[in-house]
Amino acid sequence: ENLGDKDEEWMNSFNKLKAYKSKYGDCIVNQGIDKALHLWVLRQRELYELYKKRKDSTMTADRVRMLNEEGFVWESRNGDVIDLTNRKRKTIDNACDDGLNEAPQKMTKKSGKRDDKKWLSMLDKLKKYGEQHGTLAISANHD
């Protein structure tokens, strides 16, 4: 295989990522929907880490730019991105049907009282995000 074949293979996967984003609203590929693309995304993250450390990598500045333009999520640590691995994407309504529409019995640190109003406000924001983007997977840099 020559470098041209690798470039073509990369562009084919990149175009699949763009199609996935068009359909699902993000570049956080659920392996249950497209395992091969999910693995490709994970590999891009690995190659990017090598690239940043100036180690041998097929990642290039152009590829980083192209992925960034699509909203690629470079880090997917717990807490940064909701992990949807091995789960079907749920609509907001289904998530609420699963009991997520009830405020948790949790005390706030400041007052020692439940903060249902704030929790329900955040749930409304999550519902709006899901309706707009078709997913509940929210990257850490989303405001």
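Is there any pair linking a residue in the range 13-41 that is β-branched (Val, Ile, Thr) to one that is surrounded by fewer than 15 Cβ atoms within 10 Å (Cβ to Cβ), with Cβ under 7 Å and at least six apart or on different chains, and which?
Close Cβ pairs (under 7 Å, with a partner that is surrounded by fewer than 15 Cβ atoms within 10 Å (Cβ to Cβ)) do not exist here.
Looking at this structure, is Ile28 modelled with pLDDT under 90, surrounded by 17 or more Cβ atoms within 10 Å (Cβ to Cβ) and under 26 Å from Tyr129 (Cβ atoms)?
When the stated conditions are applied, Ile28 does not pass them.
The values are calculated or read from the model by the stated rules, or taken from the named source; none is laboratory data. Bear in mind that the values here come from a model prediction, so they are computed numbers and not experimental data. Every residue, glycine as well, gets a Cβ built from its backbone with ideal geometry; the counts of neighbours run over all protein chains shown.
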